[in-house]
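Colleague: For reference, the structure I am asking about is given below.
The values are calculated or read from the model by the stated rules, or taken from the named source; none is laboratory data. This is a predicted model, so every value here is computed, not measured. Because the Cβ atoms are built from the backbone with ideal geometry, glycine has one as well, and the counts that use them run over all protein chains shown. Please note that ligands, DNA and RNA were not included when accessible areas were found on the heavy atoms of the full protein model with its side chains. Shrake-Rupley method; radii C 1.70, N 1.55, O 1.52, S 1.80 Å.
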Number of protein chains: 4
Amino acid sequence: MSFFERLKTEASAEWRAYTEHPFIVGLADGTLPETAFRHYLVQDYLFLIEFARAYALAVYKSPQLTDMREAASGLSAILDVEMNLHVKLCAGWGLSPRDLEQAPPASEMLAYTRYVLDAGMRGDLLTLRVALAPCVVGYAEIAAQLATRSDARATTNPYRVWIDEYAAATYQEVATKARAHLDHLADLYVTPAREAELIAIFKEATRLDTDFWEMGWRAGLRVE
Amino acid sequence: MSFFERLKTEASAEWRAYTEHPFIVGLADGTLPETAFRHYLVQDYLFLIEFARAYALAVYKSPQLTDMREAASGLSAILDVEMNLHVKLCAGWGLSPRDLEQAPPASEMLAYTRYVLDAGMRGDLLTLRVALAPCVVGYAEIAAQLATRSDARATTNPYRVWIDEYAAATYQEVATKARAHLDHLADLYVTPAREAELIAIFKEATRLDTDFWEMGWRAGLRVE
Amino acid sequence: MSFFERLKTEASAEWRAYTEHPFIVGLADGTLPETAFRHYLVQDYLFLIEFARAYALAVYKSPQLTDMREAASGLSAILDVEMNLHVKLCAGWGLSPRDLEQAPPASEMLAYTRYVLDAGMRGDLLTLRVALAPCVVGYAEIAAQLATRSDARATTNPYRVWIDEYAAATYQEVATKARAHLDHLADLYVTPAREAELIAIFKEATRLDTDFWEMGWRAGLRVE
Amino acid sequence: MSFFERLKTEASAEWRAYTEHPFIVGLADGTLPETAFRHYLVQDYLFLIEFARAYALAVYKSPQLTDMREAASGLSAILDVEMNLHVKLCAGWGLSPRDLEQAPPASEMLAYTRYVLDAGMRGDLLTLRVALAPCVVGYAEIAAQLATRSDARATTNPYRVWIDEYAAATYQEVATKARAHLDHLADLYVTPAREAELIAIFKEATRLDTDFWEMGWRAGLRVE
């Protein structure tokens, strides 16, 4: 079993709670309240900024030039592509760049992003990559799974654009490369003691990323 | 007005929500559910470990030897004194060292401590000190205020030990020195643009520290 | 006077020693021993890798999204453009990629790059930018000045390619933007106490960058 | 063979150059020029400040509370004991605290300390401990070896105080504990790929620490 598979197996309860969260179910069948999605979109913008910082940290932390280039291309993908896509997606939901920039950060966004950044600064590149994995790889798995459902792919589903973006080949490849890089680093650096610590970090990061869905979900409950 | 007074004035709504939180009121009149306090105690143990890391970071960040010594004495106060006091206090509430060490970290604890650590790593020593201030100085203010209330000081109040610890001269001096050090750093390094950024960090840290009370408070609601 | 002009004025002795080092004089009139240049080229390759790490750190440290994008474009310029140019330049001097990758790092390269990285990690983005400035802006000034000399521009000067690269509009603009960004950050964050500390860092970084020329220069003396 | 023994074996050439440097020989037989020793003493003061920062970083990096306490006690030993001893030793050589504080940092001091700090920030606690080892353990080995020589222990040897300090049980125990801690971390975290990287860091740190002796040594040559 690959290292990433082992992480998921050890954290199977957390992984299921994350990938099958009501927010995801609501994206799939289109029943997610719009307020929930809008709140998520705004916080996800702030999240992307911190994720770019985490990728920059990965460049700084890299032991080899190839690791640096891999992380730098991820950084540039976030800053030059993903954030623009996100701003466009937000515009479609009536959210202006100003709305995004001036939004007060939610605790759930702060908790997950700062946990990743601190875990990465404290440990080495492998630790940072493990803390990033629930989001990077998880989004790809979630979207790929949703894309197999006919209701999710229906043109009437307002969340289809989001699903399409992360189910698309471009993002799926990003996630595949991230997994492969993680497995490669694990081949080089994992010992049993290390693996136990990394599993704990992976579980925590998965829980905090689940809280991110929960944050969006609760914003929907409040209003409707 | 000193720099710290300016921070509090700008963040007066956040500061009030923090220092007058129902959890604090419950400590004062003894009505706080024991479950709430116990949950707080456990998470506060995990919090102290991260706070020690933040003080270590302050040593690393210090531009001058005097700043280093100040931070190192804070670090040693946490690891050599405060944590032992805390373990003793916890024992009185039926919590063993094992209970403390094996407790799963609450999101609120992760959010506040990682926010402080990341803000401090990203910025300089002044930024780190601002992010630490709500807790370091806030606890002293809260306890000093509670210590003026006769119900809080009553021997029947189960939370008197906690109030006494932070209202005691030892801790009050720690907080007074921390304030003075912060004001000193601000004298050296604050510009208007910087002050605006530091106010934002102070507000955020105060909000996240308020969430910490809220976490304890909610643990009490769940049970009783 | 702009902030960068103030730095240069305060560090005028160091700046002159740096920009008028015998290594530079030898580049200008073509008398620099080839061994000196080759040694410099190899170490400059290792230097660029660390400079990429420093730019990544600048992304991580940035308080604003615009600062992040500025630093990320610098990072990508180093990894995607400058390093390839450098490898090509080295090939022209008989140095293979393997020669570059396997070269043992010189103390002077380690001293300057690690000083910059540590100063930047300890302080904030402005500190990091000040520590980077002697190299980023200095190379542009040196090359622009050399490009006004007819002997330097002569086709017989073997070092003309190096001069042309850094005197070219592309690099001059990089340096102009870096200066402007530095002045902008200084407008926001400089106080008199801060300026004194930054001058000390700028002087140190300039001295360590001068040692880099000296390292190359001495490699030439050893052989011829 | 323990991990530290393996490091020394792999770096045996560097280790010998470090522990048998002419500066050391001069300390042993008392022939080291006083100027050399004074220059070393001044730079060693600046070095200790950076070493305290490195120990603080070790606290921040620690994965376990026991690692934190170990590093914090090292930090406190440097700031509260070793630096005072050093100031006293310097006074005996006519160097005032002011002389120490105002000394311009030598490149060799900057190179070694910043290399350690950056290696430690980039990697994890084990990497930091490996980078610190040549100094922490090396001083103990050097002094223990010198203390077996009758000329070194003679009351006429002006450098006997230095030898006595590091050959004393107090310091020998510090080094023994540091070695044991390093071996413990290696048991937990070393893989073959990791060991290759750590050997490279250990060699580099040993070379840069050797440059520190060389710096003192050359100061002696310049004058006498």
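Colleague: So A:Pro33 fits all but one of (1) under 18 Å from the mean Cα position of the chain (by Cα); (2) away from every other protein chain (no Cβ under 14 Å); what number is the exception?
Modeller: So the condition that A:Pro33 fails would be (1).
Colleague: Same structure again: Look through the stretch C:59-70, keep the residues that are more than 8 Å from chain A (Cβ to nearest Cβ) and in a helix (DSSP H, G or I), and return whichever of them is nearest to the chain's Cα centre (by Cα).
Modeller: This residue is C:Glu70.
Colleague: A follow-up question, please. Check off (1) part of a helix (DSSP H, G or I); (2) within 25 Å of A:Arg218 (Cβ to Cβ); (3) free of Cβ contacts under 8 Å to residues at least 60 places away in the same chain for A:Leu95 and give me the number that stays unchecked.
Modeller: The one condition A:Leu95 does not meet is (1).
Colleague: Does A:Tyr40 count as buried (at least 22 other Cβ atoms within 10 Å of the Cβ), part of a helix (DSSP H, G or I), touching a Lys or Arg at 6+ places or on another chain (Cβ under 7 Å) and modelled with pLDDT of 95 or more?
Modeller: Working: buried (at least 22 other Cβ atoms within 10 Å of the Cβ): yes; part of a helix (DSSP H, G or I): yes; touching a Lys or Arg at 6+ places or on another chain (Cβ under 7 Å): no; modelled with pLDDT of 95 or more: yes.
Against the criterion (buried (at least 22 other Cβ atoms within 10 Å of the Cβ), part of a helix (DSSP H, G or I), touching a Lys or Arg at 6+ places or on another chain (Cβ under 7 Å) and modelled with pLDDT of 95 or more), A:Tyr40 does not qualify.
Colleague: Do we find that A:Met68 is out of contact with any Lys or Arg (no Cβ under 9 Å at 6 or more places or on another chain) and either among the hydroxyl-bearing types (Ser, Thr, Tyr) or modelled with pLDDT of 95 or more (or both) in this structure? Give the derivation first.
Modeller: Details: out of contact with any Lys or Arg (no Cβ under 9 Å at 6 or more places or on another chain): no; either among the hydroxyl-bearing types (Ser, Thr, Tyr) or modelled with pLDDT of 95 or more (or both): yes.
No, not satisfied.
Colleague: Still on this model: Taking only the stretch C:114-143 into account, find how many residues are in a helix (DSSP H, G or I), within 14 Å of chain D (Cβ to nearest Cβ) and either aromatic (Phe, Trp, Tyr) or out of contact with any Leu (no Cβ under 8 Å at 6 or more places or on another chain) (or both).
Modeller: 3
Colleague: Determine, yes or no, whether A:Pro105 is in contact (Cβ under 8 Å) with a residue 12 or more places away in the chain, more than 22 Å from B:Val116 (Cβ to Cβ) and assigned to a loop (DSSP other than H, G, I, E, B). Give the steps one after another, and end with the answer.
Modeller: Details: in contact (Cβ under 8 Å) with a residue 12 or more places away in the chain: yes; more than 22 Å from B:Val116 (Cβ to Cβ): no; assigned to a loop (DSSP other than H, G, I, E, B): yes.
So A:Pro105 fails the test.
Here's the yes/no breakdown for (1) within 27 Å of D:Arg122 (Cβ to Cβ); (2) surrounded by fewer than 16 Cβ atoms within 10 Å (Cβ to Cβ); (3) in contact with a Phe, Trp or Tyr (Cβ under 6 Å, 6 or more places away or on another chain); (4) not hydrophobic (A, V, I, L, M, F, W, C):
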{"site": "C:Thr9", "(1), (2), (3), (4)": "no, yes, no, yes"}
{"site": "C:Thr31", "(1), (2), (3), (4)": "no, yes, no, yes"}
{"site": "C:Ile49", "(1), (2), (3), (4)": "yes, no, no, no"}
{"site": "C:Ala54", "(1), (2), (3), (4)": "yes, no, no, no"}
{"site": "C:Ser76", "(1), (2), (3), (4)": "yes, no, no, yes"}
{"site": "C:Ala91", "(1), (2), (3), (4)": "no, yes, no, no"}
{"site": "C:Gly94", "(1), (2), (3), (4)": "no, yes, no, yes"}
{"site": "C:Leu100", "(1), (2), (3), (4)": "yes, no, yes, no"}
{"site": "C:Tyr115", "(1), (2), (3), (4)": "yes, no, no, yes"}
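Colleague: Determine which single condition C:Asn157 fails, assuming it passes every other condition in (1) of a type in the set (S, T, N, Q); (2) within 14 Å of the chain's Cα centre (by Cα); (3) crowded, with 20+ Cβ neighbours inside 10 Å.
Modeller: All conditions pass for C:Asn157, except number (2).
Colleague: Let me ask something else about it. Condition check: buried (at least 21 other Cβ atoms within 10 Å of the Cβ) and of a type in the set (Phe, Trp, Tyr). Does B:Tyr139 satisfy that?
Modeller: Spelling it out, it is not the case that B:Tyr139 is buried (at least 21 other Cβ atoms within 10 Å of the Cβ) and of a type in the set (Phe, Trp, Tyr).
Colleague: Another one. Any chance the stretch A:36-43 includes a residue that's away from chain C (no Cβ under 14 Å), of a type in the set (S, T, N, Q) and within 14 Å of the chain's Cα centre (by Cα)?
Modeller: yes
Colleague: Scan the stretch A:74-91 and give yes if some residue there is of a type outside the set (S, T, N, Q), more than 17 Å from the chain's Cα centre (by Cα) and within 14 Å of chain B (Cβ to nearest Cβ), otherwise no.
Modeller: No, every residue in the stretch A:74-91 fails to be of a type outside the set (S, T, N, Q), more than 17 Å from the chain's Cα centre (by Cα) and within 14 Å of chain B (Cβ to nearest Cβ).
Colleague: Give me a count of the residues in the stretch B:11-29 that are under 21 Å from B:Leu126 (Cβ atoms) and either among the acidic types (Asp, Glu) or not in a helix (DSSP H, G or I) (or both).
Modeller: 2
Colleague: Next question, about the same structure. Do you know which residues across the stretch B:11-29 are within 14 Å of another protein chain (Cβ to nearest Cβ), open to solvent by 10 Å² or more (accessible area, probe 1.4 Å) and of a type in the set (A, V, I, L, M, F, W, C)?
Modeller: Scanning the stretch B:11-29 gives B:Ala13, B:Ala17.
Colleague: Now for a separate question. Inspect the stretch B:171-185 for any residue being under 24 Å from B:Leu89 (Cα atoms), touching a helix residue (DSSP H, G or I) at 6+ places or on another chain (Cβ under 8 Å), crowded, with 22+ Cβ neighbours inside 10 Å and without any contact (Cβ under 8 Å) to a residue 60 or more places away in the chain and give the result as yes or no.
Modeller: Checked the stretch B:171-185: no residue is under 24 Å from B:Leu89 (Cα atoms), touching a helix residue (DSSP H, G or I) at 6+ places or on another chain (Cβ under 8 Å), crowded, with 22+ Cβ neighbours inside 10 Å and without any contact (Cβ under 8 Å) to a residue 60 or more places away in the chain.
Colleague: I'm told C:Val81 meets every condition in (1) part of a helix (DSSP H, G or I); (2) at pLDDT 95 or above; (3) open to solvent by 20 Å² or more (accessible area, probe 1.4 Å) except one. Can you identify the failing condition by its number?
Modeller: (2)
Colleague: Looking at the stretch C:56-66, which of its residues are open to solvent by 10 Å² or more (accessible area, probe 1.4 Å) and touching a helix residue (DSSP H, G or I) at 6+ places or on another chain (Cβ under 8 Å)?
Modeller: C:Pro63, C:Leu65 - these are the residues of the stretch C:56-66 that are open to solvent by 10 Å² or more (accessible area, probe 1.4 Å) and touching a helix residue (DSSP H, G or I) at 6+ places or on another chain (Cβ under 8 Å).
Colleague: With the condition being at pLDDT 95 or above, facing another protein chain (nearest Cβ under 10 Å) and farther than 30 Å from D:His39 by Cα, I'd like the helices (runs of 4 or more DSSP H) fully within the stretch D:159-224 carrying at least 1 qualifying residues. I'd like the intermediate steps shown before the answer.
Modeller: Numbers: elements: D:160-167, D:169-189, D:192-223.
Where helices (runs of 4 or more DSSP H) fall fully within the stretch D:159-224 and carry at least 1 residues being at pLDDT 95 or above, facing another protein chain (nearest Cβ under 10 Å) and farther than 30 Å from D:His39 by Cα, they are D:169-189, D:192-223.
Colleague: Something else: Among C:Arg114, C:Arg122, C:Arg149, C:Arg129, which is in contact (Cβ under 8 Å) with a residue 40 or more places away in the chain, over 20 Å from the mean Cα position of the chain (by Cα) and on the phi < 0 side of the Ramachandran plot? Explain how you work it out, then say what you get.
Modeller: Values: C:Arg114 fails: over 20 Å from the mean Cα position of the chain (by Cα); C:Arg122 fails: in contact (Cβ under 8 Å) with a residue 40 or more places away in the chain; C:Arg129 fails: over 20 Å from the mean Cα position of the chain (by Cα).
So the residue among C:Arg114, C:Arg122, C:Arg149, C:Arg129 that is in contact (Cβ under 8 Å) with a residue 40 or more places away in the chain, over 20 Å from the mean Cα position of the chain (by Cα) and on the phi < 0 side of the Ramachandran plot is C:Arg149.
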